[in-house]
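We did not get these values from a lab; they are worked out from the coordinates using the rules stated. Since this is a predicted model, take the numbers as computed values, not measurements. Here the Cβ positions follow ideal geometry from the backbone for every residue, glycine too, while neighbour counts run over all protein chains shown.
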């Protein structure tokens, strides 16, 4: 069996193209693509600093004009009969905002502030903007906030969070772990699966297609040694491939979610906040999951007649795995239902969530690893049977 | 002479797909590829299975090599059953066919070591054997060249050498000279004679009469999965050339089977 493992490793690691395409490319691609998406999204949401927004106001009250000049926003006064024209300009994106105040806005407000609410009708302010233009959107948000603040300052019933300080008492660790726990399980499952997919079919159905597996089958080596050797060696390579993708995402994550500061800050936080034992647990779970994935893909590959067919047949399985990963994206923590940890792959996702959010139970980790290894063992058994079957190995 | 291989009523059928049934205008669901085949081969001889395409030669050899299992019957190789002790059988035979390929990525040198390892050959013995065989076939120059970059003749020689890593007592060879130029073919046939002289047993299949006449001590003629005759070359050919004798047997066999079908 070790001879098979060594051969598979040699086949893989001495082939520069394979190493490049399976180990380096996924990580690099993911890093580049996600960094690009991240910075593109950041660019999209930030306006050009030199941009001078074009804002018009009908019946601009002095109070609002003063507020705006404090916020460095220049509002140009406009007449009521220009409103239709300005609206067209906004629709065509050559103007950003039109505010229409009722006449005597300040007077009404001061009446009410003086406690004279008898003749008071709340003035109606209309803000016209274009949601597809970023500057227009941000000016709308800015003016709306200003007006709201002005209103709150005028009639204070009560205030909520008025100060400058941060009221969110979350620690950086738990914010990071929360985010990781919701995102990573799905990504991990996906990368491990695609990692397995990039090696297993080639190694099983590829050898069958090229007629090299029959050469192995006429040696006295036991079929189970071949099956186990293949699954173990492919799993190691798949794990490395998944790791490559994983490093790629960890490095690009800060850019992707637009965290300020040095781009390694998040990965540093993530790297230091988990103890070595957490990483060991994670590795155990991940490796048992890879064994299972490789086992399943190997069976499908052994059944298929060509590498292409194998890849097609594996796709539905990948969708299932992704769905399993998605199930935890919106849940807050891992389940405590013991029975659920007996479901291969699903248990992995749950345990990963648990580990990442500091709430795992060693028992569940153990059950998960055992279940997955057992399931992989069943895969080895089935694969052995398939290697023994002339229908599977020599069908045309 | 010691009997080293005995096939007893080996039978193998294949299921026909509906498409195959349509192409061949038949309603039969199964095709009998090998029909109750029995024969023996003795130590130190070259035994040839002679027959037209589709007669069941390759299927018979694959059953002997334990790649496929017979539906009925059994064969004993060096006393071990191909049905119940396939691993032991595999350690005693070499099986060579154009279907069994070497991985293009590796070098003959590495593959020789790899298969020696799978056959659990002692490393020192394996090294000596490798040196001897590589020299004998001129592979030593190409030992570090990837199999994929070798010429087809050199590939065939590498396959032959690597199939012999464990110094097997029986060599099963399907169509030994197929696709080889005359020079490489001669190297292979000369080597087979040499192996016989060393006391090995060689079972080969072919449809080339000259090859049989040149190499084989005993032959079995297979037509439609049945052993028509099995005897020494001289006894089978009688006074005719092997080719004439074969056509006589072939016509008789196909006539018999047609009249059998009619009845």
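Dimensions of the range A:332-374 along principal axes (Cα, Å, largest first)?
The principal-axis extents, from largest down, are 27, 14, 14 Å.
In cubic angstrom, how much convex hull volume per residue do the alpha carbon atoms of the range A:1-78 span?
Details: hull volume 12.1 nm³, N = 78.
That works out to 156 Å³ per residue.
Can you give the alpha-carbon Rg of the range A:55-154 over 2.2 N^0.38 Å, where N counts its residues?
Details: Rg = 14.0 Å, N = 100, 2.2 N^0.38 = 12.7 Å.
It is 1.10.
I'd like the FRET efficiency for residue B:71 and residue A:41, computed as 1/(1 + (r/R0)^6) with the beta carbon distance as r and R0 of 60 Å, rounded to 0.05.
0.40
Determine, from the Cβ-Cβ distance of residue A:76 and residue A:337 and an R0 of 45 Å, the FRET efficiency 1/(1 + (r/R0)^6), rounded to the nearest 0.05.
So, using R0 = 45 Å, E works out to roughly 0.10.
Given 37 °C and 0.692 mPa s, how large is the Stokes-Einstein diffusion coefficient of the range B:155-195 in µm²/s, with Rh as the Kirkwood radius over Cα pairs?
Using the Kirkwood radius from Cα pairs, D works out to 306 µm²/s.
Just to be sure I understand the model, the point goes 7 Å from the Cα along the line to the Cβ. What's the resulting residue A:381 to residue A:6 distance in nm?
3.1
Mind computing the radius of gyration and Dmax over the alpha-carbon atoms of the range B:73-197? Å is fine for both.
Radius of gyration, then largest Cα-Cα span, for the range B:73-197: 14.6, 46 Å.
What FRET efficiency, computed as 1/(1 + (r/R0)^6) with R0 = 56 Å and r the Cβ-Cβ distance, is obtained for residue A:91 and residue A:171, rounded to the nearest 0.05?
0.75
Could you tell me what fraction of 2.2 N^0.38 Å the Cα radius of gyration of the range A:271-396 comes to, as a two-decimal ratio?
Ratio of Rg to 2.2 N^0.38 Å for the range A:271-396: 1.21.
Restricting to the range A:55-154, compute how many DSSP beta bridges are antiparallel as a %, nearest 5.
35
Give me D for the protein assembly as shown in µm² s⁻¹, whole number, from Stokes-Einstein with Rh from the Kirkwood sum over alpha-carbon pairs, 10 °C and 1.306 mPa s. Display every interim value, and only then the final one.
Working: Rh = 31.5 Å.
Answer from the Stokes-Einstein relation: 50 µm²/s.
Ignore the peptide's own chain and count Cβ atoms of other chains within 10 Å of each Cβ in B:110-117; give me the average, rounded.
4
Which whole number gives the average count of other chain Cβ atoms within 10 Å of the Cβ atoms across peptide A:7-18?
Details: counts 8, 0, 0, 4, 4, 1, 0, 3, 1, 0, 0, 1.
Mean shielding count: 2.
Just to confirm the number: angle between the C-alpha axis of helix B:242-262 and the first principal axis of chain B, 0 to 90 degrees, nearest 10?
Long axis of B:242-262 versus the principal axis of chain B: about 50 degrees.
Please give the average number of partner chain Cβ atoms lying within 10 Å of the Cβ of each residue in A:205-212, rounded to a whole number. Mind showing how you got there, number by number?
On the way: counts 0, 1, 2, 0, 0, 4, 7, 9.
Mean shielding count: 3.
How much of the DSSP beta bridge set in the protein assembly as shown is antiparallel, as a percent to the nearest 5?
So the antiparallel bridges in the protein assembly as shown amount to around 50 percent.
Kirkwood Rh, Cα Rg: Rg to Rh for the range B:172-263? Kindly include the intermediate steps, with their values, before the conclusion.
Working: Rg = 15.2 Å, Rh = 14.6 Å.
Radius of gyration over Kirkwood radius for the range B:172-263 works out to 1.04.
Indicate, rounded to the nearest 5 percent, the antiparallel portion of the DSSP beta bridges found entirely in chain B. Could you put the intermediate results ahead of the total?
On the way: 22 of 40 bridges.
Counting DSSP beta bridges with both partners in chain B, the antiparallel share is about 55 percent.
Angle between the Cα long axis of helix A:134-154 and the longest principal axis of chain A, 0 to 90 degrees, nearest 10?
Helix A:134-154 sits at roughly 60 degrees to that axis.
What would the Debye formula give as log10 I(q)/I(0) at q = 0.09 Å⁻¹ for the alpha-carbon point model of the range B:3-244, no solvent?
Normalising to I(0) and taking log10 leaves -0.41.
Please tell me the relative contact order of chain A in percent, rounded to the nearest whole number, where contacts are Cα pairs under 8 Å and at least six residues apart.
Contact order relative to length: 21 percent.
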